[in-house]
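*Asks:* Shown below is the structure under consideration.
The values are calculated or read from the model by the stated rules, or taken from the named source; none is laboratory data. Since the model is a prediction, treat every value here as computed from it, not as a measurement. Note that we place each Cβ from the backbone using ideal geometry, even for glycine, and neighbour counts take in every protein chain shown. Ligands, DNA and RNA are stripped out before the accessible areas are found, and what is left, the full protein with its side chains, is counted by its heavy atoms. Shrake-Rupley method; radii C 1.70, N 1.55, O 1.52, S 1.80 Å.
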Amino acid sequence: MADNASENKPSTQAENPDVKEKTEAKKETEEKAEDNPEKNSDRKRGHNNNNNNQNNNNRGRRNKKSKYDKKNHTWRGDGDGDQRGNRDKQIHAGSYAHPAMRKLFNITLPPHLLPPDKPPTSEDYEAEKKQQEPKNFSKKKVAFLLAYLGTGFAGFQSNEGQRTLQADFELAMMRSELISPLNFGYFHKYSWSTSGRTDKGVHACAQVCSAKIQLKPDQSLDDVRQLINSHLPDKFRVLDIVRCGRSFCAKTGRSRVRYQYMIPAFCFWERNEFRDLMLQVAPKNKAGRAPGTPLSEEERQQIKNRIKDYRVTQEQLDSLQQALEKYQGTHCFHNFTKGLTSKDANAMRYIVSFKVEEPMVFENGMQWVPTQVIGQSFLLHQIRKMISVALDSVRLNLPNLIPPMLDKKTRAISDLAPAQGLFLEMSFYDNYNKKIENQPDMEKLDWSVEGTVPYERWKEFRNQVLMEHVVNEENKEGNFIQYLYNHDLYFEVDASYKLSHDSKAGKSDPEESKSNNS
């Protein structure tokens, strides 16, 4: 897995080393004023006033809603959402600093940790500074290695009216007194950044976030780790905290990321045979059943009893590997996300590698096939859609299904595999580590080194918490069974993938359903 993501990256501004150094230098200059965010905001407002003429000329372009403002995509600002322009004026609506969120989720805080009713002023920060002088706080920029189960959360990024992982983590930092109550709910004021966002129900064992925190004298970073964990849910852990440079940003500093997607072996069952099996248990014409109607618990159990002992063949594994390799390199993934067309530059993504791992059999007797994909960054739903199409390539014997869907001239529909099989497995910071090689007081951000304490924590969470949860969740809820039922009975392969009769050479000829639920 030691592939170098930077060798064949698309040529973008963010990846140009010279531009990156200028960007980091600018960020470091800006962060020098962060001890007083109000003054920093005044400076920025003054700068904006000097450019009114230019702003007026660009007003039409600025006010036009950008395609890149869609929620949960990787190009969004770090937790600022649609409030980015007003982030100094109001608390983020998805933070527990907001009274409505505390009321909705029954969150209580002691009076000294409650944020002020109005946006803090420079006078508020001066008063707080005098009050904290006896405590002798020191401020440090740190990187957090987080692991969590996404079940029960509406994704990672803070969102109004929803319980999110970012909101829970910020609350834990607040209760640990690592951030000021004046900055509670203003993410940028403590330099918050996250390496990426996981969607609803998606798990992680190597999510990386960075923030500026305040430390008490003699308070070690491991003390901080244990303190935060005492304020987090059981399946949400801080695995490590590392001090980093002032200009470090978890999002822009990440070089590549590795995700794992676990596939139950029964997902490789030939489509026609599997459809016939499911129809025997849950007929389509059953009274009250419409496309997308959930299977009953009895129906799921009957189907599971028939398929749980299925074992994938080596030929199927080889076919899956050949299919996944077609994603490698730089391609346009407009057919593997939502809200983008082939004209959007952001649809271009670079996949370093996509590999099939050895199948695993768990205690309940069910076999799973792990897959690992490494890339620079991924679009909304991209990995789950890539898995769904790759499985169809194997099950329908369509070895040439994927390449046309990566063509900018093709507009096709891809189905969405369950979120329950996906988790963020490892984040890499190769460029940052190279940058600090000659700084002995700085620690590298590398959690893939076997034998280290953080690695052992990571491995334990991945194997004993996360992977076991994925298996038990499927055993209990049957998400993949439900997915295959809807996909095999209602997803129109020919129409969705725009297949011609010639492109189906070598494929069995299933009788495609007339209903489309894609």
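*Asks:* What is the number of the single condition among (1) modelled with pLDDT of 90 or more; (2) touching an Asp or Glu at 6+ places or on another chain (Cβ under 6 Å); (3) of a type in the set (D, E, K, R) that residue 102 does not meet?
*Replies:* So residue 102 meets the others, but not (2).
*Asks:* Follow-up question, since we're still on this one. Is the range 262-274 home to any residue that is outside any strand (DSSP E or B), open to solvent by 10 Å² or more (accessible area, probe 1.4 Å) and basic (Lys, Arg)?
*Replies:* No, every residue in the range 262-274 fails to be outside any strand (DSSP E or B), open to solvent by 10 Å² or more (accessible area, probe 1.4 Å) and basic (Lys, Arg).
*Asks:* May I pose another question? Given the options 351, 383, name the one that is in contact (Cβ under 8 Å) with a residue 40 or more places away in the chain and closer than 13 Å to residue 327 by Cβ.
*Replies:* Working: 351 fails: in contact (Cβ under 8 Å) with a residue 40 or more places away in the chain.
Within the list 351, 383, the selection yields 383.
*Asks:* I need the full set of residues from the range 180-190 which are within 15 Å of residue 250 (Cα to Cα) and surrounded by 24 or more Cβ atoms within 10 Å (Cβ to Cβ), in order please. Walk me through how you get there before you give the answer.
*Replies:* Initially, the range 180-190 is screened for residues within 15 Å of residue 250 (Cα to Cα), giving 187-188, 190.
If the condition is that a residue be within 15 Å of residue 250 (Cα to Cα) and surrounded by 24 or more Cβ atoms within 10 Å (Cβ to Cβ), then 187 is the only one that fits.
*Asks:* Which condition number in (1) more than 26 Å from the chain's Cα centre (by Cα); (2) farther than 25 Å from residue 473 by Cα; (3) crowded, with 20+ Cβ neighbours inside 10 Å; (4) charged (D, E, K, R) is the one that residue 284 fails?
*Replies:* So the condition that residue 284 fails would be (3).
Okay, residues lined up against (1) among the aliphatic types (A, V, I, L, M); (2) at pLDDT 95 or above:
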position	(1), (2)
371	no, yes
384	no, yes
401	yes, yes
419	yes, no
426	yes, yes
429	no, yes
433	no, yes
438	no, no
445	yes, yes
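*Asks:* Could you check residue 339 against (1) more than 29 Å from residue 266 (Cβ to Cβ); (2) open to solvent by 60 Å² or more (accessible area, probe 1.4 Å) and say which number it fails?
*Replies:* Of (1) more than 29 Å from residue 266 (Cβ to Cβ); (2) open to solvent by 60 Å² or more (accessible area, probe 1.4 Å), only one is false for residue 339: (2).
*Asks:* Take residue 468 and decide whether it is open to solvent by less than 20 Å² (accessible area, probe 1.4 Å), at pLDDT 90 or above, closer than 28 Å to residue 303 by Cβ and outside any loop (DSSP other than H, G, I, E, B). Please lay out each step first, then the result.
*Replies:* Details: open to solvent by less than 20 Å² (accessible area, probe 1.4 Å): no; at pLDDT 90 or above: yes; closer than 28 Å to residue 303 by Cβ: yes; outside any loop (DSSP other than H, G, I, E, B): yes.
No.
*Asks:* Also, I was wondering about something else. Being in a loop (DSSP other than H, G, I, E, B) and among the acidic types (Asp, Glu) is the filter here; which residues of the range 224-247 pass it? Please lay out each step first, then the result.
*Replies:* Residues of the range 224-247 in a loop (DSSP other than H, G, I, E, B): 230-235, 244-247.
Passing the criteria: only 234.
*Asks:* Filter the range 101-118 down to the residues that are under 33 Å from the mean Cα position of the chain (by Cα) and free of Cβ contacts under 8 Å to residues at least 60 places away in the same chain and list them by number. It would help to see each step written out before you state the result.
*Replies:* Our first condition is that a residue be under 33 Å from the mean Cα position of the chain (by Cα); within the range 101-118, this holds for 101-110, 113-118.
Listed by number, the residues that qualify are 102, 103, 104, 105, 106, 108, 110, 117, 118.
*Asks:* Could we say that residue 387 is under 21 Å from the mean Cα position of the chain (by Cα) and assigned to a strand (DSSP E or B) here? Reasoning before the result, please.
*Replies:* Details: under 21 Å from the mean Cα position of the chain (by Cα): yes; assigned to a strand (DSSP E or B): no.
Against the criterion (under 21 Å from the mean Cα position of the chain (by Cα) and assigned to a strand (DSSP E or B)), residue 387 does not qualify.
*Asks:* Taking the range 281-318, which residues are in a helix (DSSP H, G or I) and closer than 14 Å to residue 481 by Cβ? Lay out the reasoning, then the answer.
*Replies:* The first filter runs over the range 281-318 and keeps only residues in a helix (DSSP H, G or I), leaving 281, 297-307, 314-318.
Passing the criteria: 281, 297, 298, 299, 300, 301, 302, 303, 304, 305, 306, 307.
*Asks:* Across the range 103-138, which residue is farthest from residue 175 (Cα to Cα) among those that are open to solvent by 100 Å² or more (accessible area, probe 1.4 Å) and among the charged types (D, E, K, R)?
*Replies:* Among them, the one singled out is 123.
*Asks:* A further question follows. Quick one: what pairs do we get from the range 214-243, first residue more than 19 Å from residue 456 (Cβ to Cβ), second open to solvent by 70 Å² or more (accessible area, probe 1.4 Å) and of a type in the set (Asp, Glu), C-beta under 7 Å, 6+ apart or different chains?
*Replies:* Pairs found: 243/443.
*Asks:* Would you point out which residue out of 167, 127, 172 is without any contact (Cβ under 8 Å) to a residue 24 or more places away in the chain, of a type in the set (Gly, Ala, Ser) and either within 27 Å of residue 215 (Cβ to Cβ) or not in a loop (DSSP other than H, G, I, E, B) (or both)? Steps first, please.
*Replies:* Numbers: 167 fails: without any contact (Cβ under 8 Å) to a residue 24 or more places away in the chain; 172 fails: without any contact (Cβ under 8 Å) to a residue 24 or more places away in the chain.
Going through 167, 127, 172 in turn, just one is without any contact (Cβ under 8 Å) to a residue 24 or more places away in the chain, of a type in the set (Gly, Ala, Ser) and either within 27 Å of residue 215 (Cβ to Cβ) or not in a loop (DSSP other than H, G, I, E, B) (or both): 127.
*Asks:* Being open to solvent by less than 70 Å² (accessible area, probe 1.4 Å) and assigned to a strand (DSSP E or B) is the filter here; which residues of the range 342-359 pass it? Before you say what the answer is, go through the steps one by one.
*Replies:* Going through the range 342-359, the residues open to solvent by less than 70 Å² (accessible area, probe 1.4 Å) turn out to be 342, 344, 346-354, 356-357, 359.
If the condition is that a residue be open to solvent by less than 70 Å² (accessible area, probe 1.4 Å) and assigned to a strand (DSSP E or B), then 348, 349, 350, 351, 352, 353, 354, 356 are the ones that fit.
*Asks:* Considering only residues that are basic (Lys, Arg) and either at pLDDT below 95 or on the phi > 0 side of the Ramachandran plot (or both), look in the range 190-220 and name the one that is farthest from the chain's Cα centre (by Cα). Give the steps one after another, and end with the answer.
*Replies:* In the first step, residues of the range 190-220 are kept if they are basic (Lys, Arg); the result is 197, 200, 212, 216.
Filter once more, keeping what is either at pLDDT below 95 or on the phi > 0 side of the Ramachandran plot (or both): 197, 200, 216.
Details: 197: 3, 200: 9, 216: 32 Å.
The residue in question is 216.
*Asks:* For the range 206-217, state whether one or more residues are open to solvent by 20 Å² or more (accessible area, probe 1.4 Å) and part of a loop (DSSP other than H, G, I, E, B).
*Replies:* To start, the set of residues in the range 206-217 that are open to solvent by 20 Å² or more (accessible area, probe 1.4 Å) comprises 212, 216-217.
Now drop any that are not part of a loop (DSSP other than H, G, I, E, B), which leaves 216-217.
Yes, the range 206-217 contains at least one residue that is open to solvent by 20 Å² or more (accessible area, probe 1.4 Å) and part of a loop (DSSP other than H, G, I, E, B).
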